[in-house]
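Have a look at the structure below, then the notes.
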Amino acid sequence: MPISMTNDIMRQIIMDHYSHPNNKRLPNDINAYKTLHMHSDNCIDDIDVYLKIDNKIVVDACFEGRACAISTASTDIMCDLLIDKTLEQALYIIDEYIKMIHEQPFDESVLDEALAFINTSKQAARIRCATIGWNAANKIIEDDNK
């Protein structure tokens, strides 16, 4: 765990992004976005993730729907991290986040506030919540790269 991030700070980051998500909204021009619907059978999570990709760059990312605190916060942070990244950079960030969630070696330098989810693997039922938006973005980008 990053030395500067205590459990209290991690909890505060999660609750701030849950209570006041920066990226929870429908896109203005929905037809300009790639989208994927995701839901969980184990939680209330039922979201649509939207990525606007232009010239292999994620120029906007947002989501809409109903989700628990972990899912909302992790997806909101993911959107912040992916905006203005090339598809290659975005896939790298997603991959490093998934490695972290599954307790594998990862590059913490690209995760910023997503590091708040470093202990998610200790609550196995929350792994799906913490990755649902990330898995959607990953699929959207992979499909766009075909």
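The values are calculated or read from the model by the stated rules, or taken from the named source; none is laboratory data. This structure is a prediction, so every number in the text was calculated from the model and none was measured. Positions of Cβ are generated from backbone atoms using ideal geometry, with glycine treated the same way; all protein chains shown enter the neighbour counts. Areas reflect the complete protein model, heavy atoms only, side chains present, ligands, DNA and RNA absent. Shrake-Rupley method; radii C 1.70, N 1.55, O 1.52, S 1.80 Å.
Quick notes on this one:
- Per residue, the solvent-accessible area of the range 42-126 (1.4 Å probe, heavy atoms of protein chains only, all protein chains present) comes to 45 Å².
- The local environment of I70, defined by Cβ-Cβ distances under 15 Å, has a net charge of +1 under the rule Lys, Arg +1 and Asp, Glu -1.
- Computed from Cα atoms, the angle from the helix 87-101 axis to the main principal axis of the chain rounds to 30 degrees.
- In a reduced charge model with +1 at each Lys and Arg Cβ and -1 at each Asp and Glu Cβ, the range 103-146 shows a dipole moment near 340 debye about its Cα centre.
- Once the chain from E142 to S40 is taken as fully extended at 0.36 nm per residue, the excess over their C-alpha distance is 34.6 nm.
- Lysines with Cα under 20 Å of K52, excluding same-chain neighbours fewer than 8 positions away: K24, K34, K85, K139, K146
- Relative contact order for the chain, counting Cα pairs under 8 Å that sit 6 or more residues apart, in percent: 26
- Paramagnetic reach from Q123 in the range 52-90 [backbone N under 13 Å; point 7 Å along Cα→Cβ]: 68-74
- When only the Cβ of Lys, Arg, Asp and Glu is charged (+1, +1, -1, -1), the dipole of the chain relative to its Cα centre reaches about 300 debye.
- Computed across the range 43-91, the Kirkwood radius stands at 11.2 Å (inverse of mean 1/r, all Cα pairs).
- Rg/Rh ratio calculated on Cα atoms of the range 28-70 (Kirkwood radius): 1.06
- Using Cβ point charges alone (K and R +1, D and E -1), the dipole size of the range 21-89 about the Cα centre works out to roughly 80 debye.
- Each stretch of four or more DSSP H residues adds -39500 (n - 2.57); spread over every residue of the chain, this sum gives -13500 deg cm²/dmol at 222 nm.
- Taken over the range 42-146, the alpha-carbon convex hull comes to 89 cubic angstrom per residue.
- Crossing angle, helix 69-82 versus the chain [Cα axis fit, 0-90 degrees, rounded to tens]: 60
- Packing rank of 87-100, 128-141, 68-81, where each peptide gets the mean count of other beta carbons within 10 Å, highest leading: 68-81, 128-141, 87-100
- The range 1-100 shape via C-alpha gyration tensor axes, a/c threshold 1.5: oblate
- Furthest towards positive pole of dipole, F106, H37, I77, structure part the chain, Cβ charges: H37
- Between helix 127-144 and the chain: long-axis angle, C-alpha atoms, 0 to 90°, nearest 10: 30
- Within the accessible area of the chain (1.4 Å probe), percent carbon and sulfur: 47
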